[in-house]
1. Roughly how big is segment 46-125's charge dipole about its Cα centre, with Cβ charges of +1 (Lys, Arg) and -1 (Asp, Glu), in debye to the nearest 20?
2. As a quick test, which of the pairs Lys136/Lys162; Lys128/Lys162; Lys128/Lys184; Lys90/Lys136; Lys38/Lys97 have an alpha carbon distance above 18 angstrom in this structure?
3. First select every other residue whose beta carbon is under 9 angstrom from the beta carbon of Ala66; then total the charges, Lys and Arg +1, Asp and Glu -1.
4. Could you give the Stokes-Einstein D for segment 1-125 in µm² per second, using the C-alpha Kirkwood radius, 25 °C, 0.890 mPa s?
5. Given a Förster radius of 30 Å and the C-beta distance between Asn41 and Asp67 as r, what FRET efficiency does 1/(1 + (r/R0)^6) yield to the nearest 0.05?
6. Taking segment 2-58 on its own, what percent of its Cα-Cα pair distances exceed 15 Å?
7. Using all alpha carbons of segment 62-166, what is the percent of pairwise distances in each 5 Å bin, ordered from the shortest bin to the longest?
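All of the numbers you see were taken from the coordinates with simple rules; none came from a lab. Keep in mind that what you see is a predicted model, and the values were worked out from it rather than measured. Quick reminder, even Gly has a Cβ in these numbers, built from the backbone with ideal geometry, and neighbours come from all protein chains shown.
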Amino acid sequence: MNYFYLIIIPIVLFFLAGIRIVRPTHRGLMERLGKYKKIANPGFHWIIPIIDRIFLVNITEQMIDADPQEIITNDNLNASVDAQVYFRVKSDEKSIKGSTYDVNNYQWQIVNLARTTLRNIIGTLTLKSANSERGKINAELHETLHKETQNWGIEIIRTELKQIDPPTDVQETMNKVVKAENEKIAAIDSATAAETVADGIKRAKIKEAEGYKRAKILHAEGEAEAIRLVNEAADKYFVGNAQLLRKIEAVETSLETNAKIVVPTGTELINIIGEMAGVVPIDHKQ
């Protein structure tokens, strides 16, 4: 019985030692005695311990930072440049073998290639153009990395510039320029607003003056019309009767001062006043 356990236990341990599980996020390169044997897809695998080995390769999208570096631009300024590279190992067998056997530490290689490419690109640009042409720099960096890593089984998904920072003194000067420009714009906006208000006040004054002028004209026209009517009445009722007109004016003045006057009935003055008022005098003889 003891011999049974002595045989079974080593066999079980040997079997357990050869178990390998490959996740969907990885692929495995199986080697036997240092020689490539086959690719290990996701799932359960058993290898011969010591004789066989499986090297796992991550096939998910990964990001590496190219690390900040000082680059001299075309206008002799030291710019601090940093970038990120997004990539993945393609999942086919050839690509997985290439990422392991054709390049030593592909992540480190990508970082250094990205840094060198950035120096070559930004070194030909001024600091201002480098900041304004980030899309162009990203495109050139992506194209170079894609071309150089094709044989490694690597797919460069995208590249992004994190920063292109000028020296501190240059940054301070640029900030002052931007601040001055903003203050200039604010001053122009304020002046425009004040001008608009002044223009509104001016228009209101003009409208008020025009209204006052119109009122004066209407008033003058009214007075002129009244004078015309008076003249017409005078022509109608008092032509050749200047003495009678004078009497009526005296009556008008007296009425304004609430004075009492006695006008004899049947006189010509009573008849004219009645005719002007549209009243027919009563004939007391009837």
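1. Details: 7 positive and 10 negative charges, 55 e Å.
For this selection, approximately 260 debye.
2. Numbers: Lys136/Lys162 14 Å; Lys128/Lys162 16 Å; Lys128/Lys184 22 Å; Lys90/Lys136 26 Å; Lys38/Lys97 10 Å.
Over 18 Å Cα-Cα: Lys128/Lys184; Lys90/Lys136.
3. Counting the neighbours of Ala66, the net charge comes to -1.
4. Rounded, D is 136 µm²/s.
5. The calculated FRET efficiency here is 0.30.
6. Result for the distance tail: 52 percent.
7. Calculated over all Cα pairs of segment 62-166, the distribution is 2, 14, 25, 22, 15, 10, 7, 4, 2, 0 percent.
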